[in-house]
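A.B. asks: Encoded as structure tokens, here's the structure I'll be asking about.
Taken together, the values in this text are just the output of simple stated rules run on the coordinates, not laboratory data. Everything quoted here is computed from the prediction, not taken from an experiment. Cβ placement follows ideal geometry from the backbone for every residue including glycine, while neighbour counts extend to all protein chains displayed.
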Amino acid sequence: FSLASRRLVNAATNNSRFFSSTAVMGKKVAVLGAAGGIGQPLSLLLKLSPNVSELSCYDIVGTPGVAADLSHIPTASSVTGNLPAAGSWPPSHNTGIEAALTGASVVVIPAGVPRKPGMTRDDLFNTNAGIVKGLVEACADFCPDAVLAIISNPVNSTVPIAAEVLKKKGVYNPKKLCGVTTLDVCRANTFVAASMGKDPKDVNVTVIGGHAGITILPLFSQVPGFSPSDEDREALTVRTQFGGDEVVKAKAGAGSATLSMAYAGYLFTEEVLRAMNGADDVVQCAFVESSLTDAPFFSSPCKFGPDGVTEVMGFGEISAYEQKWMDQMLPDLKKQIQKGIDFANQ
Ligand code: NAD
Ligand code: LMR
């Protein structure tokens, strides 16, 4: 992540980069849910990216304003604000989801409702499952070759829903469907770096499993030079698993993580785009179709290339402590995955 972070700083402070050859390789990126708590700061960060030539903001409300606002930022990318029906920005732009998606190389989806205190991510299923299903159907119709990055919760179920929708439409490519678990990696890096007295840019924790409570498993045993007490290891593991709840509680009914998620979603997208543009060193955790365990979807380090995931990598040796969590997690994760599959096929 340190490279991507540095690129962001460069992008924000050195506009001349946008008029160099990097802009030529820019891609169209669509954000679905772009007027929301995540969608707006995520769109801002993507507007700064030299890897983006066209930023398409889509939501059921508010995107003309978001796009008009972003369009005053002097970076080389163009920006459009799309609504389901009339009223796009700029007014000359065709409106609707077809215009929003056509030609997109990457579609990032943070559309849907967030948690309030006392809720689990699964409590969002009834509302968000249908939203994700509808949006992914549109992706299948209008940008079947795009990499889809699903942020909407519960990720453990919305990604399997997306896979089933794409299968029904005959365009499923497991290399191009990812659930975004980057925020779990960001949290693990932040927490372990603080505990070690290090700069977070110098740690990169592998976080595997899913994206809800105990299905999130940070592999602290693999962090070089880190040997916490049993008590510290437990506290760091549980804090990473329930980092989302920490934010939901602090926001006291006003939603869940938006700013850190926008940053994490930006990092993930930027790395996908970098790989599309030929970088051969892109490895990041993603929740993808997987045969590493008996859960059909699983987050682990993945290598990315020009067409999405080129290799679902293993997660190496894990400690007895981590294996205990893994054994606990798998039944839950498989249930949440099956719930998504059943919804899409009902
Ligand atoms: P929000 O309510 O602030 O924004 C959601 C946006 O989605 C709204 O602007 C809404 O109008 C839009 N929307 C709803 N239905 C839509 C549709 N059919 N088409 C297009 N847009 C639609 O919520 P938020 O805080 O931005 O969170 C969004 C989602 O992201 C939630 O489900 C939340 O749980 C999830 N989330 C995931 C992670 C992760 O790590 N994967 C982290 C944080 C939040
Ligand atoms: C997070 O991890 O912050 C998100 O999944 C949002 C949530 O509901 O916790």
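A.B. asks: If contacts are Cα pairs under 8 angstrom and at least 6 residues apart, what is the relative contact order of segment 131-218 in percent?
C.D. replies: 26 percent.
A.B. asks: Give the residue from Ala85, Phe125, Gly65 lying farthest towards the positive end of the charge dipole for segment 42-139; charges sit on Cβ (+1 for Lys and Arg, -1 for Asp and Glu) and the dipole is referred to the Cα centre.
C.D. replies: The one lying farthest along the dipole's positive direction is Phe125.
A.B. asks: Just want to confirm a number: the relative contact order over segment 224-346, from Cα pairs under 8 angstrom separated by 6+ residues, in percent.
C.D. replies: Over segment 224-346, the number comes to 14 percent.
A.B. asks: Okay, next question. What's log10 of I(q)/I(0) for segment 250-346 at q = 0.14, 0.17, 0.21, 0.24 Å⁻¹, Debye sum over Cα points only, no solvent?
C.D. replies: Cα-only, vacuum Debye calculation for segment 250-346: -0.75, -1.00, -1.12, -1.14.
A.B. asks: Regarding the chain, what whole-number volume in Å³ per residue does the convex hull of its Cα atoms give?
C.D. replies: Cα convex hull per residue, to the nearest whole number: 130 Å³.
A.B. asks: While we're looking at this one, here's another question. May I ask you to derive the FRET efficiency for Leu292 and Ala68 from their Cβ-Cβ distance with R0 = 35 Å, giving the value to the nearest 0.05?
C.D. replies: 0.20
A.B. asks: Then there's this: Pull up the DSSP beta bridges for the chain and report the antiparallel fraction as a percent, rounded to 5.
C.D. replies: 45
A.B. asks: On to the next question. Give me Met119, Met276 sorted ascending by neighbouring Cβ count inside 10 Å, so fewest comes first.
C.D. replies: Met119, Met276
A.B. asks: Which of Asp332, Asp59, Asp232, Asp281 comes first, and how do the rest follow, when ranked by fewest Cβ neighbours within 10 Å?
C.D. replies: Fewest-to-most Cβ neighbours within 10 Å comes out as Asp281, Asp232, Asp332, Asp59.
A.B. asks: In straight Cα distance, which lysines are under 30 Å from Lys201, not counting same-chain residues fewer than 8 positions off?
C.D. replies: Lys27, Lys28, Lys47, Lys175, Lys176, Lys249, Lys251, Lys303, Lys324
A.B. asks: Relative to the Cα centre, what is the charge dipole magnitude of segment 134-237, using +1 at the beta carbon of each Lys and Arg, -1 at the beta carbon of each Asp and Glu, and rounding to the nearest 20 debye?
C.D. replies: Approximately 400 debye in magnitude.
A.B. asks: Per q in 0.12 Å⁻¹, report the Debye log10 I(q)/I(0) for segment 147-274, using one uniform scatterer on each alpha carbon and no solvent.
C.D. replies: Those come out to -0.51, one per q.
A.B. asks: Here's something else I'd like to know. Comparing Ala162, Ala193, Ala254, which has the greatest mean-square fluctuation in the GNM of the chain with Cα pairs linked when under 10 Å apart?
C.D. replies: In this elastic network of the chain, the residue with the biggest mean-square fluctuation among Ala162, Ala193, Ala254 is Ala254.
A.B. asks: Calculate the spin-label point distance for Gln328 paired with Met313, positioning each point 7 Å from the Cα along the beta-carbon direction, and give it in nanometres.
C.D. replies: Using points 7 Å along Cα→Cβ, the separation is 2.8 nm.
A.B. asks: Right, something else. Could you grab the relative contact order for the chain? Cα pairs under 8 Å, six or more apart, rounded to a whole percent.
C.D. replies: Once normalised by length, the contact order is 16 percent.
A.B. asks: Then there is this: For the chain, what is the mean residue ellipticity at 222 nm derived from helices alone (per DSSP H run of n ≥ 4: -39500 (n - 2.57); sum divided by total residues; nearest 500 deg cm²/dmol)?
C.D. replies: Taken over the chain, the calculation gives -13500 deg cm²/dmol.
A.B. asks: If we count other beta carbons within 10 Å of each Cβ, what is the order of Thr258, Thr120, fewest first?
C.D. replies: Sorted ascending by nearby Cβ count, the order is Thr120, Thr258.
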